Each structure stands twice: as structure tokens, then as C-alpha cells.
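Bear in mind these aren't lab numbers, they're just calculated from the coordinates by the rules spelled out. This is a predicted model, so every value here is computed, not measured. Note: ideal-geometry Cβ built from the backbone for every residue, glycine included; neighbour counts use all protein chains shown.
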Amino acid sequence: MSSRPSAPLLALALVLPGCAADEPGEPVDPLTTIAGCESEAMWSAEGAHFEARVIELVNDARRVGGRCGDRVYRPQGPLTVSPRLHCAARRFSVDMMSADFVGPIDPEDRDMGDRLDDVGYDYAVWAAGVGAGWTSADHAVDAWLENPAHCWKLFAREIEEIGVGVLVVPEDEVASTTGGETEGEGVSHPTYWTLAVGTPAR
């Protein structure tokens, strides 16, 4: 878990639906109200569906509690979706695809804490997780729950908010793979997943 002034590196992935409202009476996507997050509000319906499912599964897990390695976590209340965490998570997934990496730190040595600063999320603590290639939200959340280095991020009572960014790459933009080796042009994975959780400073 990260806290100011220095934040350890942790990573994950998540995302929500997003399009600005065009007609009166329709809700405005909160991402469009955050400076610099306008492009992250324009997201594929499939990615948004994955994101919403991740949030549902994480809150289901918190509701019953669980075990991470040798540590048992009691049931906790649900996490609240934060538009700023959501924007930061989507940005991280986009950057993983663009820079062709999967991990908590990008090639420019920036982690999730830097992205939270970029979107104005004044945090007391944060944690994050990333992944790529999963074909369902269930696979992503199961992978995090089965990894003691990540699963505590889903259960910690100090965590109050969540944001998820799932980038789904069009099939014709994904490089072909033979024998586990990527061949030809295109991005390395069909999906990129980022989970960002945190608690705002008070």
C-alpha cells in the first residue's frame, strides 16, 4: 500500500462505461469533468463491461472476506468508484498498450502514484495491479485473489475507493502468436487491465 510522501510500487487493472451525455436529462460521465480525462471517457462498451464486472467481483469478495497467503481478512464494506482513480487506471492501460509493457512501472519510470497526481487524486494511501491478455473479469479477479502479493489490495480495510481500466484492443491490431512467441506487427495482448484502489487524504 502506498502513502505520502513516498509510495511503494503496486499494480492492477479496471474500467467503467464512458461517453459524454448528448441529450438533456442524460447523466454526464464524471470523467468528462476531470481535466485531461476527456479521452478516457470515450471507451469501448466491452471494456466498460469488463470494468463494471471487476468492481462487482471485488466488492463481492470484500463482502465475505478471504485469505491472502497466511493472512485472513474479515468481511469489509464495498469500495466506492472514484472517477479520478478510474481515469488513472484507464490511462495506465492505454500506456501499457502504447509502450508495449505490462507492469507497475512504465518505461519512463512512472508508477500509479504519478498518474494519481496527474488527475488530481489527493491520496492518503493507494495500491494498484496490472495484467494483460485475460478474456474475462472473472479471470482477472481470480488471478489477483490467488496471488498473495496482490489479493490483500482487494480486502484491506484501509482502502475505500476503486477505479478500473480495461482496454480491449481491436482484433486486427493484435500481433499473431505462434508457440508463445509474438509475430508480425501489432500490440502484444488483446486486453490490458489496470486496478487502482485508494483512500483520499482528509
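Observations on the model:
- Of the peptides 90-96, 141-147, 194-200, the ranking by mean beta-carbon count within 10 Å, highest at the top, reads 194-200, 90-96, 141-147.
- Normalised alpha carbon radius of gyration of the stretch 15-167 [divisor 2.2 N^0.38 Å]: 1.03
- Convex hull of the stretch 79-144 built on C-alpha atoms - directionally averaged projected area, nm²: 4.9 nm²
- Between the stretch 123-202 and the stretch 36-52, the alpha-carbon center distance in angstrom: 14 Å
- Over the stretch 91-202: Rg over Rh, Cα atoms, Kirkwood Rh: 1.00
- Summed residue charge, Cβ within 13 Å of residue 87's Cβ, Lys/Arg positive, Asp/Glu negative: -4
- Taking packing as the residue-averaged number of other Cβ atoms within 10 angstrom, the listed peptides 104-111, 47-54, 165-172, 125-132 run from highest to lowest as 125-132, 47-54, 165-172, 104-111.
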